[in-house]
Amino acid sequence: MRRLGWIGVGCCVVAFVVSGYFLVQLMGTVPGSPAPVTDGPVRLDEPGLTIFASDRDALQSCTAKDASGTSIPLKEPSRSEQWDDAGDVYYVVAHSVQEIPAQTVEVTCTDQNASYYVGRRHTADVFLGPALSALGSFFGLGALGAALIVIDQLRRKRAT
């Protein structure tokens, strides 16, 4: 194999390394299980707040306060959102309007027909960056490496 082939192999190796880095970042954005609202204050380890319900048709009847007692503005999602966690399905009923910092929050819900849960904010935007970066680096650098290897092999065949 000549220099062009080795550069192609190097591109393929770099594709695996870079996409692996972005996959590790993607795994870091996956939030844990949300905490039940009835358990008192909830510590959010990442910015943002999402309120979930156990029932798809649950109403947004919740209010949230930060550690200092200031009300946190909430809004309903513009489309149906859900979070699957180890077989449990949680339906999003509200997000914080602004990205609040990581802190302890107190959430109260008046609708007793569903169970409510609190977790950090997770939207498609949070997952999209690392996921597309992993795919782009893998396929982009991998395709470049494969093309260089093919070109090297074609040149070797012509030379003989």
(message) Just to confirm my numbers, what's the Cα centroid distance between segment 17-96 and segment 106-160 in Å?
(response) 22 Å
(message) Springs between alpha-carbon pairs under 10 angstrom, Gaussian network model over the chain: which of Ala102, Ala147, Ala35 fluctuates most?
(response) Ala147
(request) Quick one: which residues, 5+ away or cross-chain, put their amide H under 5 Å from the amide H of Asp111? H built at 1.01 Å from N. (result) Ser61
(message) With every protein chain kept in place and ligands, DNA and RNA left out, what is the accessible area per residue of segment 28-160? Probe 1.4 Å, answer in Å².
(response) 58 Å²
(request) Name every cysteine in the chain that ends up alone, with no second cysteine's Cβ under 4.7 Å, or say none. (result) Cys11, Cys12
(request) Tell me which residues come under 5 Å, amide H to amide H, from Asp85 once H is placed; ignore anything under 5 positions away on its chain. (result) Tyr90
(message) Between Thr63 and Val89, how high is the FRET efficiency from 1/(1 + (r/R0)^6) when r is the Cβ-Cβ distance and R₀ = 41 Å? Nearest 0.05.
(response) 0.95
(message) Could you work out the relative contact order of the chain? I mean the mean sequence separation of Cα pairs under 8 Å and 6+ apart, divided by the number of residues, in percent.
(response) 42 percent
(request) Enumerate the calculated ³J(HN,Hα) couplings along segment 146-159 in order (Karplus 6.51 cos²θ - 1.76 cosθ + 1.60, θ = phi - 60°), each rounded to whole Hz, writing x wherever the residue is Gly or Pro. (result) 5, 5, 5, 5, 5, 4, 4, 5, 5, 5, 5, 5, 5, 5
(message) Given R₀ = 22 Å, what would the calculated FRET efficiency be for Ser71 paired with Ser33, taking r from the Cβ atoms and rounding to 0.05?
(response) 0.30
(request) Tally up the carbon and sulfur contribution to the accessible surface of segment 1-101 as a whole percent, 1.4 Å probe, everything protein left in place. (result) 57 percent
(message) List the residues, sorted by chain then number, that are 5 or more residues from Leu44 or on another chain and whose placed amide H is less than 5 Å from its amide H.
(response) Gln103, Thr104, Val105
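The values are calculated or read from the model by the stated rules, or taken from the named source; none is laboratory data. All values reported here derive from a predicted model rather than from experimental measurement. In this analysis, Cβ positions are derived from the backbone assuming ideal geometry, glycine residues included, and neighbour counts consider all displayed protein chains. Heavy atoms of the whole protein, side chains included, go into the accessibility calculation; ligands, DNA and RNA do not. Shrake-Rupley method; radii C 1.70, N 1.55, O 1.52, S 1.80 Å.
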